[in-house]
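Engineer: Dropping a structure here in structure tokens format, bear with me for questions.
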Amino acid sequence: MADQVTVKLPDGSTRQYPAGVTPAEVAASIGRRLADAAVAASVGGVTVDLDRPIMADANVAILTGDSAEGLYVLRHSTAHVLAQAVLDLFPGARYAIGPPIADGFYYDFDLPAGPDGNPAHFTEADLERIDARMREIVGEAQPFVREELDQAAGLELFADQPFKREIIEGAESTEGAGAGVVSVYRNPRPSSGEGFIDLCRGPHVPTTKRLGAFKLMKVAGAYWRGDEKRPMLQRIYGTAWPTKKELEEHLHRLAEAERRDHRKLGTELDLISFPEELGGGLAVWHPKGAMVRKLMEDFSRAEHEAGGYQFVVTPHLSKSTLFETSGHLDFYADGMYPPMELEGAKYYPKPMNCPMHCLIFRTRTRSYRELPLRLFEFGTVYRYERSGVLHGLLRTRGFTQDDSHIYCAPDQLVPELTSLLAFVLRVLRTFGFEHFEAELSTRPVGKSVGSDEDWEKATAALHEALAAAGLTYTVAEGEGAFYGPKIDVHLLDAIGRRWQLSTLQVDFNHPIRFELEYIGADNERHRPIMIHRALFGSVERFFGILVEHYAGAFPTWLAPVQVQVLPVADRHEDYARTVTQRLAGAGFRAELTDATHDTLGNRVRKGKVDKIPYLLVVGDSDVEAGTVGVNVRGGERPERDVSVDEFVFRLAAEVAARS
């Protein structure tokens, strides 16, 4: 073994150290500030503890809490402190797993029965006690000490912890340890040397003092290993960040997200509801919500018609043979509703529209002159989702896709994908989104169809389309569908949340399965390439995102009621009705309020709560002059004495611009 090792740092520089040097020592040699901020290290691409010896030449990066990898370690270590606090406060508790998750962490527990013999449950007061104990543990600067044990010793160590024993019995080894070896982390108390111990791969921060800002959020139920037949555990969720400022910013985002929740606003603004009689994941659209949906769909249809798409309509269910041909019964059966037996055949509600579009292509001989053939449908599909993952309109069991399938010749693939991506971004920008990112997923190893040449050309075409659009994107190696590579477009909403939305998928599989062909210029038969493209993804989900993006205050062109006319008193109602009729005749969605039963102030307040873009107040002077008082949503001061003609002109320009 060499006496020296060469460490290559992220800036490309190299340094020599004695073999066995630790990442903590490397950080200290670089600078005190880095050493103080370090939480873990990447050695040869593997995240490790700061005290793990480096025994061979390696690329080394010191990880701090403001990196994705460092934040993961912070949250993982905070989860351990949560478990230690619970075991300190609830003797006899059994602990399961506690991984980092997006924005935080959780840990699952099984509490001993209470004095009445019934299972005990965490309360809000318990969370406060646990939080206080966690802060004591952090203040004690307990070190995280890694040990490796053989399986038998691990089972003995966790003799009274059945969940840990099950993990050990099912694991050949812990990552980073040898075969048949498991790793544990101890948190000895400086005063006594005794303390908490957990089964864990690691890595962890050097001591609890290195943890950042955290907050316990809520308690929920969770089945052990997600199996409904296994014990129901109690899951404590928390969030953790490198600094108090970042924690406060996150909590503010959560509060803002709660204020914008489309389920809450859907009820308050009378847009949608989810009657229990329908079952989970199924919504009904009220007149105002249905109006917004109609406007979305009308705009989409007009754009598709202008873009050379042909509209099709397909049924909501099909015989099983269709989904056998498409492969859905082989690859997607768990996500489909169970079949209905009828006249000796099985019928399934359709989970996808693409097989039926292939049938339309196949109805007659196609010429190369018809390509690219762009088919478009607002097609409603049905997918079985577990009740635990349903979430308003964002995760439903029945939804309508704005589904396009484009059949093209190989030499048309690059320009078609480039055009498609530009089309997608143009439409999304019209709805008020400006910040986009993308992910390109490439060929999965050993699980795909199609030639290497086709995959290479399709992947190159996707790269070219993304470059033409100027989109920032990442590459997800091996994450493509079995039938071709794809682009997923993500957008950022008004409070910075990232939503996966539009998808462009290149498909070699369906044309083969459905034996799709066209006659080329050489008078020979050729196989088309198929592109799947969902722009909204689903109308329901996109509507939910829009509600939350705008906090229910839709832009004027999308608002279910654009203008509300408010007479000051009964004597102004005839004129107010004339103004309302004038607006309706010009194509605007206007309504008149009744001055008889409520004060003007209350009606103005209600109009603001309903987030109506324009409230027009009319009184004596307006009746005489043919004017209105204009209250703009979010405006500071009303504008008085605006002629009706001028207001109609302004409103028409705003709606036409979809601003």
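Engineer: Relative to the longest principal axis of the chain, what angle (0 to 90°, nearest 10) does the C-alpha long axis of helix 600-609 take?
Structural biologist: Long axis of 600-609 versus the principal axis of the chain: about 50 degrees.
Engineer: To the nearest 0.05, how large is the calculated FRET efficiency for residue 342 and residue 384 if R₀ is 30 Å and r is the Cβ-Cβ distance? Show your work: numbers first, answer last.
Structural biologist: Values: r = 20 Å, r/R0 = 0.65.
For R0 = 30 Å, the calculated efficiency reads 0.95.
Engineer: First check a/c for the range 523-591, with a ≥ b ≥ c the square roots of the eigenvalues of its C-alpha gyration tensor; if it is under 1.5, answer rounded, and if not, answer prolate when a/b is larger than b/c or oblate otherwise.
Structural biologist: Values: a/c = 7.84, a/b = 2.62, b/c = 3.00.
Oblate, because a/c is 1.5 or more while a/b does not exceed b/c.
Engineer: Taking +1 at the Cβ of each Lys and Arg and -1 at the Cβ of each Asp and Glu, which of 361, 394, 379 sits farthest along the dipole of the range 359-399 towards its positive end, judged by Cα position relative to the Cα centre?
Structural biologist: Of 361, 394, 379, it is 361.
Engineer: If you fit an axis through the alpha-carbon atoms of helix 287-306 and take the longest principal axis of the Cα set of the chain, what angle between them do you get, 0 to 90°, nearest 10?
Structural biologist: On a 0 to 90 degree scale, this one is about 90.
Engineer: Under a 1.4 Å probe, what is the accessible area of the range 86-161 per residue, stated in Å²? Display every interim value, and only then the final one.
Structural biologist: Working: 3780 Å² over 76 residues.
It amounts to 50 Å² per residue over the range 86-161.
Engineer: Hey, another quick one. May I ask for the angle, rounded to the nearest 10°, between helix 413-430 and the longest principal axis of the chain, with both axes built from Cα atoms and the value confined to 0 to 90°?
Structural biologist: Roughly 70 degrees between the two axes.
Engineer: Hey, could you pull the Cα Rg and Dmax for the range 129-172, both in Å?
Structural biologist: When restricted to Cα atoms, the range 129-172 yields Rg and Dmax of 14.5, 38 Å.
Engineer: Just want to confirm a number: the relative contact order over the chain, from Cα pairs under 8 angstrom separated by 6+ residues, in percent.
Structural biologist: Normalised by residue count, the contact order of the chain is 8 percent.
Engineer: What is the Å³ per residue value for the convex hull set by the Cα atoms of the range 40-165?
Structural biologist: 140
Engineer: Between residue 225 and residue 67, take the C-beta separation as r, use R0 = 45 Å, and let me know the FRET efficiency to the nearest 0.05.
Structural biologist: Details: r = 30 Å, r/R0 = 0.67.
Approximately 0.90, to the nearest 0.05.
Engineer: Quick one: with all protein chains in place, what share of the accessible area of the chain is carbon or sulfur, to the nearest percent (1.4 Å probe)? Don't jump to the answer; show the numbers that get you there.
Structural biologist: Working: 15930 of 31420 Å².
Of the solvent-accessible surface of the chain, carbon and sulfur hold 51 percent.
Engineer: As an exercise, use a Förster radius of 22 Å and the Cβ-Cβ distance of residue 364 and residue 311 to find the FRET efficiency, rounded to the nearest 0.05. It would help to have the intermediate numbers written out before the result.
Structural biologist: Working: r = 18 Å, r/R0 = 0.81.
Taking R0 as 22 Å, the efficiency between residue 364 and residue 311 is 0.80.
Engineer: May I have the pair-distance distribution P(r) for the range 394-510, computed from all Cα-Cα distances with 10 Å bins from 0 and rounded to whole percent?
Structural biologist: In order of increasing distance, the bins hold 13, 44, 34, 9, 0 percent.
Engineer: Right, here's the next one. Can you give the convex hull volume per residue for the Cα atoms of the range 540-634, as a whole number of Å³?
Structural biologist: Numbers: hull volume 9.3 nm³, N = 95.
Cα convex hull per residue, to the nearest whole number: 97 Å³.
Engineer: Using +1 on the beta carbon of Lys and Arg, -1 on that of Asp and Glu, and nothing else charged, what's the dipole of the range 1-96 about the Cα centre, debye to 20? Please report the intermediate quantities before stating the final value.
Structural biologist: Numbers: 7 positive and 10 negative charges, 26 e Å.
The calculated dipole for the range 1-96 is roughly 120 debye.
Engineer: Taking the Cα centre of the range 30-72 as the origin, how large is its charge dipole in debye, to the nearest 20, when only Lys and Arg (+1) and Asp and Glu (-1) carry charge on their Cβ atoms?
Structural biologist: Details: 3 positive and 6 negative charges, 22 e Å.
Value, rounded to 20: 100 debye.
Engineer: What spacing in nm lies between the two simple spin-label points modelled at residue 641 and residue 148, each 7 Å away from Cα in the Cβ direction?
Structural biologist: In this crude label model, residue 641 to residue 148 measures out at 8.7 nm.
Engineer: Next up: Given 430, 602, 187, which one lies farthest toward the positive end of the charge dipole of the chain, if we put +1 on the Cβ of every Lys and Arg and -1 on the Cβ of every Asp and Glu?
Structural biologist: 602
Engineer: Another question, if that's okay. 222 nm [θ] for the chain, helices only, -39500 (n - 2.57) per DSSP H run of 4+, per residue, to 500? Intermediate values should be presented prior to the final figure.
Structural biologist: Details: 20 runs with 226 residues, N = 659.
One gets -10500 deg cm²/dmol as the mean residue ellipticity at 222 nm.
Engineer: Something else about it: Given labels modelled 7 Å from the Cα in the Cβ direction, how far is it in nm from residue 584 to residue 435?
Structural biologist: 4.2
Engineer: Between residue 521 and residue 657, what length comes free when the chain is fully extended (0.36 nm per residue of separation minus the Cα-Cα distance, one decimal in nm)? Can you show the working numbers first?
Structural biologist: Working: separation 136, 0.36 × 136 = 48.96 nm, distance 4.33 nm.
This chain segment gains 44.6 nm when fully extended.
Engineer: Positive end of the charge dipole of the chain (Lys, Arg +1 and Asp, Glu -1 on Cβ, about the Cα centre): tell me which of 137, 97, 322 has its Cα farthest that way.
Structural biologist: Result: 322.
Engineer: Another question, then. Describe numerically, in nm with one decimal, the distance between label points set 7 Å from Cα along Cα→Cβ at residue 282 and at residue 56.
Structural biologist: Here the answer is 6.0 nm between the modelled labels.
Engineer: Going by average Cβ density within 10 Å per residue, which order do the peptides 102-109, 343-350, 329-336 take, highest to lowest? Please list the in-between numbers first.
Structural biologist: Values: 102-109: 20.0, 343-350: 15.1, 329-336: 13.4.
Packing proxy ranking, top to bottom: 102-109, 343-350, 329-336.
Engineer: Next question. Taking every pair of alpha-carbon atoms in the chain, give the share separated by more than 42 Å as a whole percent.
Structural biologist: Details: 97564 of 216811 pairs.
Across the chain, Cα pairs with separations above 42 Å total 45 percent.
Engineer: List the residues, sorted by chain then number, that are 5 or more residues from residue 180 or on another chain and whose placed amide H is less than 5 Å from its amide H.
Structural biologist: Amide H neighbours of residue 180, under 5 Å, 5+ apart: 173.
Engineer: On to the next question. Give the distance, in whole Å, between the Cα centre of the range 488-543 and the Cα centre of the range 181-255.
Structural biologist: Value for the Cα centre distance between the two parts: 40 Å.
Engineer: Further question: With the other protein chains left in place, how much accessible area per residue, in square angstrom, belongs to the range 484-549 at a 1.4 angstrom probe?
Structural biologist: Details: 2010 Å² over 66 residues.
Solvent-accessible surface per residue comes out at 30 Å².
Engineer: Taking the Cα centre as origin and putting +1 on Lys and Arg beta-carbons and -1 on Asp and Glu beta-carbons, what dipole magnitude results for the range 32-167, to the nearest 20 debye?
Structural biologist: Values: 11 positive and 23 negative charges, 58 e Å.
It works out to roughly 280 debye.
The values are calculated or read from the model by the stated rules, or taken from the named source; none is laboratory data. In this text the structure is predicted, and so the values were computed from the model without any measurement. Neighbour counts run over all protein chains shown; Cβ positions are idealised from the backbone, glycine included. All accessible areas refer to the heavy atoms of the entire protein, side chains included, with ligands and DNA or RNA removed. Shrake-Rupley method; radii C 1.70, N 1.55, O 1.52, S 1.80 Å.
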